[in-house]
1. In this structure, is Ser117 small (Gly, Ala, Ser), open to solvent by less than 10 Å² (accessible area, probe 1.4 Å) and either in contact with an Asp or Glu (Cβ under 6 Å, 6 or more places away or on another chain) or closer than 23 Å to Arg336 by Cβ (or both)?
2. Taking the range 103-112, which residues are of a type outside the set (Gly, Ala, Ser) and open to solvent by 40 Å² or more (accessible area, probe 1.4 Å)?
3. Select from the range 382-401 the residues that are of a type outside the set (Val, Ile, Thr) and without any contact (Cβ under 8 Å) to a residue 60 or more places away in the chain and list them in ascending order.
4. For the range 1-12, name all the residues that are surrounded by fewer than 22 Cβ atoms within 10 Å (Cβ to Cβ) and either in contact with a Phe, Trp or Tyr (Cβ under 9 Å, 6 or more places away or on another chain) or part of a helix (DSSP H, G or I) (or both).
5. Would you pick out the residues in the range 240-284 that are hydroxyl-bearing (Ser, Thr, Tyr) and open to solvent by 40 Å² or more (accessible area, probe 1.4 Å)?
6. Can you tell me which residues in the range 390-406 are over 16 Å from Val298 (Cα atoms), modelled with pLDDT of 80 or more and open to solvent by less than 50 Å² (accessible area, probe 1.4 Å)?
7. Residues being surrounded by fewer than 18 Cβ atoms within 10 Å (Cβ to Cβ) and in contact (Cβ under 8 Å) with a residue 24 or more places away in the chain: count how many of those fall in the range 80-100.
8. Restricted to the range 301-315, and to residues that are free of Cβ contacts under 8 Å to residues at least 60 places away in the same chain and part of a helix (DSSP H, G or I), which residue is surrounded by the most Cβ atoms within 10 Å (Cβ to Cβ)?
Amino acid sequence: MRYFRLLVLGNGISAYGSYLNMVALNVFVYDATGSALAAGLFMAVRLATSVVSGWVSGRLVSVHDRKRLMVGADLCQAVALLSLLLAPEGTRPGLLYVLAVVTGGCSTLSQVALRSSIPEIVGAEHRVRANGLLVTGRSLAMIAGFASSGVVVAQLGYSAAFALDAGTFLVSATVLSLLPVRTRAAGDAADGASGSGSGSAKVSGTAPRTVRMLLGTAPLLMAMIAVRAVDGLGSSSHNVALPIYSSGLDPDHPATFISQFWATWAIGTIVAQQVIGRITKKTGRTPGERAFALGACVMSAGFIVVFCGLPTVPAVIAALVAGAADGFTEIVYVSRLQTAPDDQRGRLFGLSASAENTGFGLGMLVSGALLETFSPLQVVAAFHGLAIALCAALLLWLVSRGRTPPAPPAEEPARDTSTMTEGRG
């Protein structure tokens, strides 16, 4: 773990750049084109690229050196931003969609590679703690990125914002390249370096074939991925509804409640990291599938309560609970997928990224349309209610299977033989 805190710092810096990038670029697209359709198309291209990149990333991280992939992803984003910065103004609108592809694809690749690498970087016994640190770092980066983006663009301009974005990715790439960490299992090191051999054979095949293989060998993990996809729908609904709801609360200061919400949510994720760390340290085990499903139910219920028109203090408490449950389920989910064998882990996280991005993108479109007719509470309750229903179904399935197999001990990379067969694919 001694090098991992530096990795978390570098990852947090690049995450800050990503969130700053997200806001600055969306505003820049609208200013440069004067078209809301162009701005929506930019977001659609970025999300679509993230979905496709999940499949591609799963294969890449199963074959190639993950550290090099993460460094390359950061460098590609930095180069793309600098290219936009240095390009003549007349060519910038066309380059924006190239940038959408680069940032959408590279951010997903970096996420899949990092999540797949955690057990090898810190050891399986520390993976829960490591995941907690990453969740906390990215939550704080999101708050800082969203909070500072308006100030940076307004006070310094787009050029400064793009230069700052590029700088964060260069810092992250430098930190990661200098850290002496191993990102693949020792037995796979040779295959990962060359991109050939048995590892390459294991990840061959089409996306549908990969899904069928995982359904056959890891049905429980696939059910958890399905829950995360529906969670993406719920997440999109409260993201879209939040500005509308906040404007209704205080038309003169609509940003006040939004700021309170996200700040409290971030505090909740930090609380979750502390709680799950204590649980793991005390019991020697990580919470399992039931804890994941229950946590997801609490998270969705918390987000619904936020939009119920409560006074500020109860609403903030609900946001705190939602944030804590969100962070808890994220850590449990990632840690559970990381118990898979190293040669299958990349495909699982690639599929997960595609499913989550698909749910979020679809939810953005549908919830935006529904908010033209229905209230924020109705839309958020519908989407998060669907997530609660799916989690309840997962819990019933776990009960019907009998006693749930105990979660793998935190000190060893256990393999759930009831849901995963090593070497398939």
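1. Details: small (Gly, Ala, Ser): yes; open to solvent by less than 10 Å² (accessible area, probe 1.4 Å): yes; either in contact with an Asp or Glu (Cβ under 6 Å, 6 or more places away or on another chain) or closer than 23 Å to Arg336 by Cβ (or both): yes.
Yes, satisfied.
2. Restricting attention to the range 103-112, the residues satisfying the condition of being of a type outside the set (Gly, Ala, Ser) are 103, 106, 108-109, 111-112.
Passing the criteria: only Gln111.
3. First, the residues of the range 382-401 that are of a type outside the set (Val, Ile, Thr): 382-387, 389-398, 400-401.
Of everything in the range 382-401, those that are of a type outside the set (Val, Ile, Thr) and without any contact (Cβ under 8 Å) to a residue 60 or more places away in the chain turn out to be Ala389, Ala393, Leu396, Ser400, Arg401.
4. The initial filter retains those residues of the range 1-12 that are surrounded by fewer than 22 Cβ atoms within 10 Å (Cβ to Cβ), namely 1-6, 8-9.
Result: Phe4, Arg5, Leu6, Val8, Leu9.
5. The first filter runs over the range 240-284 and keeps only residues hydroxyl-bearing (Ser, Thr, Tyr), leaving 245-247, 256, 259, 264, 269, 280, 283.
Ser247, Thr256, Ser259, Thr283, listed by residue number.
6. Residues of the range 390-406 over 16 Å from Val298 (Cα atoms): 396-406.
Subsequent filtering for residues that are modelled with pLDDT of 80 or more retains 396-400.
Leu398, the sole residue that qualifies.
7. Of the residues in that region, 4 qualify.
8. Initially, the range 301-315 is screened for residues free of Cβ contacts under 8 Å to residues at least 60 places away in the same chain, giving 302, 305, 310-315.
Add one more test, that the residue is part of a helix (DSSP H, G or I), and what stays is 302, 305, 312-315.
Details: Gly302: 22, Val305: 20, Thr312: 11, Val313: 8, Pro314: 12, Ala315: 20.
Within the range 301-315, the match that is surrounded by the most Cβ atoms within 10 Å (Cβ to Cβ) is Gly302.
The values are calculated or read from the model by the stated rules, or taken from the named source; none is laboratory data. Quick caveat: nothing in here was measured; it's all calculated off a predicted structure. Virtual Cβ from ideal backbone geometry, glycine too; neighbours counted across all protein chains shown. Side chains included, ligands, DNA and RNA excluded: accessible areas come from the protein's heavy atoms. Shrake-Rupley method; radii C 1.70, N 1.55, O 1.52, S 1.80 Å.
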